[in-house]
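Report on the structure given below.
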Amino acid sequence: MPSDVTEASEGVDEAENVHYEETEEDDNVSPTDLSEMLKEGTKESHDRAENTQFVKDFLKGRIKKELFKLATVALYYTYSALEEEMDCNKDHPAFAPLYFPLELHRKEALAKDMEYFYGENWKEKIQCSEATRCYVDRIHHVGQYAPELLVAHAYTRYMGDLSGGQILKKVAQRALKLPSTGEGIQFYVFDNISNAQQFKQFYRARINALDLDKKAKERIVEEANKAFEFNMQVFDELDKIGALLTEEAQDGGLPVHDGKGDLRKCPYYATKLGKGDPGCPYHIGMAMLKQPTLQFVLAACIALAAGIATWYVM
Ligand code: HEM
């Protein structure tokens, strides 16, 4: 495991000889430092992201395997776009100091997870969801037309992955009974970062060293809040899919509609995801039947109907 970032990644001036493990905690943070502005300026978004139903359920270990697989698919498309744009902008002065492909890039790790979950021909089996597509489009737009905002997207994802992501890794492994050898959770494993805390400190220092005026910094904070928003949209979409998944999906089988067929072929399924459609009557009916209050009301109605019928016959 390389401890020296200069040995491991491109995009760093060798003469600088930066050792991230030696970067000390900086107590003299200034509110005008971009890393501080990002932390403060996205606090509210972070709280909201942590409190989305999908994330709350995930933290409690309440995640169906099929949903975890779909979340991994969303990450695959997101990081493919992000890392493609970072590769294209690796020499751009507004991004070059933050280019750490060996330490941070997740696309290859996600490809391994995809193969584990979907088999060798995984590329034919996955598709980009509507919410993920919006996120991906924004990343490409930024990469092509406003590369100085890429830092916002890199910050939101990688700093998060090195923080809360590490908690999610353990939860997923336990809840989904994934192998302890790491299959299926490669996304959360940063082989080339030996100390996440120190790397984050080093990355913050790099963010602060970017040559940016106040207005540009504010635009980056605004973009980071957008990045959080895109993530929340993906979580909400996953949450809606999760509500439609049957218990069978818990074991990793394809979600089924009524014991026959694939949920994704349900005509109501696609519309439900994006357009706030009321949804498939079968799934709504099944979900409602699981509510104890409704079960009670239904039982009372049946008893009443039986009573009326008996009275009528007599
Ligand atoms: C599972 C829920 C989450 C938990 C438990 C969690 C936890 C944490 C913790 C403890 C930190 C502080 C790390 C440190 O200061 O070293 C942190 C930072 C961060 N998290 Fe999260 N997080 C969660 C979800 C998210 C999500 C969904 C995102 C964005 C998509 C995100 C993005 C970030 C970012 C960007 C930071 C860095 C803040 C900074 O120091 O500037 N987190 N998270």
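Criterion first (touching a Leu at 6+ places or on another chain (Cβ under 9 Å), farther than 20 Å from I126 by Cβ and not hydroxyl-bearing (S, T, Y)) does F95 satisfy it? Break it down stepwise before answering.
Details: touching a Leu at 6+ places or on another chain (Cβ under 9 Å): yes; farther than 20 Å from I126 by Cβ: yes; not hydroxyl-bearing (S, T, Y): yes.
For F95, the condition - touching a Leu at 6+ places or on another chain (Cβ under 9 Å), farther than 20 Å from I126 by Cβ and not hydroxyl-bearing (S, T, Y) - is met.
Just checking, does region 115-130 include any residue being of a type outside the set (F, W, Y), more than 13 Å from the ligand (Cβ to nearest atom), closer than 17 Å to Y203 by Cα and in a helix (DSSP H, G or I)? No, that holds for no residue.
Yes/no per residue for (1) away from the ligand (no atom under 14 Å from the Cβ); (2) not in a helix (DSSP H, G or I):
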site: E183; (1), (2): yes, yes
site: F187; (1), (2): no, no
site: Q197; (1), (2): no, no
site: A205; (1), (2): no, no
site: A216; (1), (2): yes, no
site: I220; (1), (2): no, no
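When region 169-178 is limited to residues that are open to solvent by less than 40 Å² (accessible area, probe 1.4 Å) and closer than 16 Å to F117 by Cβ, the one that is nearest to the ligand (Cβ to nearest atom) turns out to be A172. The lone criterion from (1) open to solvent by 20 Å² or more (accessible area, probe 1.4 Å); (2) touching a residue at least 40 places away in the same chain (Cβ under 8 Å); (3) under 22 Å from K226 (Cβ atoms); (4) within 16 Å of the ligand (Cβ to nearest atom) left unmet by N51 is number (2). Taking residues in region 121-138 that are under 22 Å from L150 (Cα atoms), and partners anywhere that are in a loop (DSSP other than H, G, I, E, B) and at pLDDT 95 or above, the pairs with Cβ atoms closer than 8 Å and at least 6 places apart or on different chains are V136/C128.
The values are calculated or read from the model by the stated rules, or taken from the named source; none is laboratory data. Quantities reported herein were computed from a predicted structural model and do not represent experimental measurements. So basically every Cβ, Gly included, is an ideal-geometry build from the backbone, and we count neighbours across all protein chains shown. These area figures cover heavy atoms from the full protein model, side chains too; ligands, DNA and RNA do not enter into them. Shrake-Rupley method; radii C 1.70, N 1.55, O 1.52, S 1.80 Å.
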